Amino acid sequence: MQVAPKDGWQVMGPLSMAVTLGFLTLIMLTVLTYVLLYMHDRQKRLRRLAMTDQLTGLLNRHGLESVIQERLNQDKMDQAIFVQLDIDDFKLINDIFGHRIGDEALRHLAVIMRVFFPREAVLARNGGDEFIIVLPTRDMAAAERMVRDFVSLKKEFNYQQTVYQYTISMGYAIFAADQADGKSPLDVLRDADTALYTVKLRGKNGCCRYAQGMAATRRVQMGFSLRDVVFNLPASILIYDAESEEILFANQELISLFECDDLDDFLAYTKRRFRGIVHPDDYEQVDTSIWQQVYACNLNKREKANDAVNYRIVTKHGRVRWVIDRGRLVQSDFYGRIFYVILVPDERMDVASDKADQ
C-alpha cells in the first residue's frame, strides 16, 4: 500500500534554495582550503630555497644562522664544535680543470660531509669553497677526533672516467652556551676562521683548534697574493717541468736578467726550455750535476731534493753572465715533478771572468 500526493512530491522553494547555498558553500570552503594548503606549501618551499645552497643542497649562511638560533632557543645546543673549512687551492682547480670540475668537487665534499658526520650536525656552505660545520656534542674529545679524522680522509671523485683528488684545511673552535667569555656563535665562528687561516699559513691540508691569543692579524699574511710576492721579490724565479724541461713560470726579475722585453719575448728567446737558460757550453755539466744532487738526496732519504749549481747564461743582447742556481725538485698534484729555481747573479764570477778575458 502506498500513500503519496495525487500530483507527486514537490520540493518547497525555501528548502531548495537552502540546499543549493549549502552545496555552493561547501565548494567554496573546499577551494579555499586547497588555496591555503597550496600557499602554505609554497611558502615552505620558498623558505627552504631561501635557506638552502642550490649547488650542494646544504644550508646557506642565512639558513645556518636560523638553525643555530632555533636550537639555542630550544636549549638543544649546550656545547658544540664550530668548524670552518675550505678546499685547498680551489682557484687552481678551477683554472686548470675548469669550473665544472670545481663544482663537482664542491658537491662531492657536501656528500661526504653528510655521510661522515652524524644527523644532528649542522652543515652549511658559506659561499665559494668555504663550508661550516656545527657539531653539537657531549663528548668534546670524541668530536675533536671526528673533525681531525675528516681532514685525513682521502677525498677523490670520478667524473667522466677521470679521477680527481683534492685536500681541505679546517679550523675549529669550541662553543659552550654557559662559557664565561660570553662569546656568541658568530664570535666562535670567527675564532674558527682564524684557526683555518693559521692552517693555511702552515702549509694547508691540516686541522687546527683555535687557542687564546691566536691573533686574527696573522691573516694579513694571506693578503699578499702569489703575484705580489713573485713579482716583487728581488730574485729571479723560474719553474720548469722536470721531465720535458718546459718553462712553466718566469717572474719579471728573471725576464729582466735575460734582457728580454716581456714574458713572450723571454719564452721565444729560451725556446720555452730550461736548456735555453743555460750557456750551451755549460748545459751538459749543469744537467748532470743537478740530477746527481737529486739522486743523492733520495739516497739519504731527505724530505726535499735540493740542488745548487753555478753556470753561465747568455742574455738576449749577447752578454755572458754567471748565476747561482738554487733549485728544488717537487712533486706537484697538478703538474707532476717540477723544479722551483731561484737564480742570483754571481758578481764575483763575472769579475773573475772579465779579468781572465783581459
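Of LYS91/LYS301; LYS76/LYS204; LYS154/LYS304; LYS154/LYS200, which ones are farther than 29 Å apart at the Cα?
Numbers: LYS91/LYS301 33 Å; LYS76/LYS204 33 Å; LYS154/LYS304 23 Å; LYS154/LYS200 19 Å.
Table pairs above 29 Å Cα-Cα are LYS91/LYS301; LYS76/LYS204.
Largest first, please: the extent of the C-alpha atoms of region 77-226 along each principal axis, to the nearest Å.
52, 38, 22
Roughly speaking, what is the centre-to-centre gap between region 288-352 and region 129-177 when only Cα atoms are used, to the nearest Å?
Region 288-352 and region 129-177 have Cα centres spaced 39 Å from each other.
Taking Rh as the Kirkwood radius, which is the inverse of the mean 1/r over Cα pairs, what is the Rg/Rh value for the chain?
On the way: Rg = 34.2 Å, Rh = 26.3 Å.
Reported Rg/Rh, Kirkwood definition of Rh: 1.30.
With a 1.4 Å probe and all protein chains left in place, how much accessible area per residue does region 49-173 have, in Å²?
Values: 6140 Å² over 125 residues.
Using a 1.4 Å probe on heavy atoms only, each residue of region 49-173 averages 49 Å².
Starting from the coordinates of the alpha-carbon atoms of region 281-358, obtain the Kirkwood hydrodynamic radius over all distinct pairs and give the value in Å to one decimal.
Numbers: mean 1/r = 0.0710 Å⁻¹.
Value: 14.1 Å, from the Cα pair sum.
Probe of 1.4 angstrom, ligands and nucleic acids ignored: what's the accessible area per residue over region 269-358, in square angstrom?
On the way: 5950 Å² over 90 residues.
Per residue, region 269-358 has an accessible area of 66 Å².
With both bridge residues required to lie in the chain, what share of the DSSP beta bridges run antiparallel, to the nearest 5%?
Working: 57 of 61 bridges.
Percent antiparallel among DSSP bridges in the chain is about 95.
Per-residue counts of other Cβ atoms within 10 Å, averaged by peptide: what ranking do you get for 109-116, 161-168, 130-137, 185-192, highest first?
Going by the mean number of other Cβ atoms within 10 Å, highest first, we get 130-137, 185-192, 109-116, 161-168.
Can you send over the carbon and sulfur percentage of the accessible area for region 291-358, probe radius 1.4 Å, protein chains only?
Numbers: 2250 of 4660 Å².
Carbon and sulfur: 48 percent of the exposed surface of region 291-358.
The values are calculated or read from the model by the stated rules, or taken from the named source; none is laboratory data. Keep in mind it's a predicted model, so treat the numbers as computed, not measured. Glycine also receives a Cβ, built like all others from the backbone with ideal geometry; neighbour counts cover every protein chain displayed. Calculation scope for accessible area: heavy atoms of the full protein, side chains included, ligands and nucleic acids excluded. Shrake-Rupley method; radii C 1.70, N 1.55, O 1.52, S 1.80 Å.
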